[in-house]
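A.B. asks: Starting off with a structure, shown below.
The values are calculated or read from the model by the stated rules, or taken from the named source; none is laboratory data. Source: prediction; values computed, not measured. Cβ placement follows ideal geometry from the backbone for every residue including glycine, while neighbour counts extend to all protein chains displayed. Accessible surface areas use protein heavy atoms only, side chains included; no ligands, DNA or RNA. Shrake-Rupley method; radii C 1.70, N 1.55, O 1.52, S 1.80 Å.
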Amino acid sequence: MRLFKKATAVALASCMAFSLTACGGGAEETTAAATEAATEATEAASEASEAVTEAAEATGKDPSEIKVGISIYQYADNFMTLYRNELQDYLVNELGLSESNIMMQDGKNDQAEQMNQIRNFITAGVDVMILNLVQASSAPDVTNLCHEAGIPVVYINREPDAEEEQRWVDEGIKATYVGADARQSGTYQGEIIAAQENMGDANGDGVVKYVMIQGDPENVDAQYRTENSVKALQDAGAQVEQLVIQRGDWDQTKGQEIAANALTQFGADVDVIFSNNDAMALGAIQAIDAAGRTVNEDIYVVGVDALAEVVELIQNNKFTGTVFNDFIGQSHSAADLALSFVNGEEVNYVNMVDYVKVTTENAAEILEMVK
Ligand code: BGC
């Protein structure tokens with residue numbers, strides 16, 4: 001399983017950095033290619049990680065001496081838990097960092113708390129930071145703090161705005177972002193619904209009526225997924241109507257409450273539940289069960305992330321589809337870029353890892369990677 005993970009990360013890593021269109025093929029192609037390339041890519045992965053280690057040695061800094069400060073916006077987040085575990089594992093077991101030099105902190109969804117953590121990292125003399133901001137809008141302040149202290153920063157998951165990213169380029173600031181283009185995940189969600197025989201019109205009244213469960217709308221992931229999922233469905237020719245749009249802050253319990261209220265209010269009118277992530281969609285599934293509705297018969301549900309629990313439900317025809325948010329590729333890239341910074345190498349300012357559509361056809365392969 002580990003080997004497959006690495007192989008896929010390498011296959012997906014090759015899609016990074018402004019090359020989304022080149023790698024934007026269908027889910028089947030992407031997974032088939034990843035599977036075929038497994039053996040070669042596994043070798044390439046270990047060579048690549050040896051190369052990183054050697055490069056670090058060549059420029060002087062022994063990886064076991066490198067100190068990294070990491071702050072995750074909130075440990076309680078399901079997706080970021082997968083991400084941070086993979087990040088820690090890769091830093092230690094692939095890149096050779098010492099566990100005691102990795103300072104990983106829970107931002108507790110509190111920007112002031114996270115600012116303190118960042119100040120403490122500076123005092124502790126870390127070589128580089130990997131930051132999942134509580135509020136992406138704090139990026140300019142955080143970047144300035146780090147820049148003044150001479151510490152490069154790799155932002156992950158919550159993308160600073162374009163103006164801030166441009167400032168890094170213009171002022172030669174050592175900051176970069178690793179993530180995934182949320183527009184792509186939204187488009188894939190809409191395409192999954194459009195691929196149903198009735199294009200998501202479960203009750204056959206001619207209009208796809210949907211409930212939109214949003215993450216934290218400050219986040220571009222929430223904004224783009226909301227917009228592009230519906231757009232893709234409309235582009236495919238469906239007539240749509242929004243019944244409810246509400247923020248669920250990426251949280252399962254909130255997702256359950258939003259879906260339960262919508263189902264009580266609109267009953268059989270609800271054809272589709274779009275959720276900006278899988279955690280909230282799992283909440284929606286609880287509400288759907290409680291309301292006596294049946295997924296893929298009288299209602300459809302799509303999420304994003306490909307949490308193992310969701311992929312299993314897809315395999316059992318109890319969840320319509322999701323989109324793999326590649327925490328493996330993203331965390332590895334973030335770690336590689338952090339080391340590149342420490343070694344004084346040039347890095348891209350924005351680094352994107354592709355999403356993968358997940359349906360019954362490729363659920364088994366995706367499950368191998370994520371479980
Ligand atoms: C993921 C969500 C997660 C959020 C945290 C998104 O990319 O899809 O599951 O809660 O990031 O910022």
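A.B. asks: Could you list which residues have their amide H under 5 Å from that of TYR300, counting only those 5 or more apart in sequence or on another chain, with H placed in the peptide plane?
C.D. replies: Counting only residues 5 or more places away or on other chains, the set is VAL272, ILE273.
A.B. asks: Another question, if that's okay. Put GLU218, GLU159 in order of accessible area, largest first, 1.4 Å probe: what do you get?
C.D. replies: The ranking, largest first, comes out as GLU218, GLU159.
A.B. asks: Here's something else I'd like to know. For region 331-338, in order, what is each residue's ³J(HN,Hα) by Karplus, 6.51 cos²θ - 1.76 cosθ + 1.60 with θ = phi - 60°, in whole Hz (x at glycine and Pro)?
C.D. replies: Karplus-based 3J(HN,Hα) across region 331-338 equals 5, 5, 5, 4, 5, 4, 5, 4 Hz.
A.B. asks: Just how far, in whole angstrom, is region 270-284 from region 92-157 if you go by their alpha carbon centroids?
C.D. replies: A separation of 32 Å, based on Cα centres.
A.B. asks: Out of region 264-339, which GluC sites (Glu not before Pro) are coil in DSSP terms and have no more than 11 other C-beta atoms within 10 Å?
C.D. replies: GLU297
A.B. asks: Let me understand region 292-371 better: what is its radius of gyration from the alpha carbons, and its Dmax, in angstrom?
C.D. replies: For region 292-371, the Cα radius of gyration and maximum Cα-Cα distance read 16.8, 59 Å.
A.B. asks: Excluding ligands, DNA and RNA, what is the solvent-accessible area per residue of region 183-324 at a probe of 1.4 Å, expressed in Å²?
C.D. replies: Per residue, region 183-324 has an accessible area of 38 Å².
A.B. asks: Taking the Cα centre of region 183-324 as the origin, how large is its charge dipole in debye, to the nearest 20, when only Lys and Arg (+1) and Asp and Glu (-1) carry charge on their Cβ atoms?
C.D. replies: Value, rounded to 20: 100 debye.
A.B. asks: Sorting SER185, SER137 by accessible area (1.4 Å probe), largest first, what list results?
C.D. replies: Output order, biggest surface exposure first: SER137, SER185.
A.B. asks: So, one more: Wrap a convex hull around the Cα atoms of region 183-324, take a quarter of its surface area, and give that in square nanometres.
C.D. replies: Its Cα hull, projected and averaged over all orientations, spans 6.9 nm².
A.B. asks: How much of VAL208 can a 1.4 Å solvent probe reach, expressed as accessible area in Å² and rounded to 10?
C.D. replies: Surface open to solvent at VAL208 totals about 0 Å².
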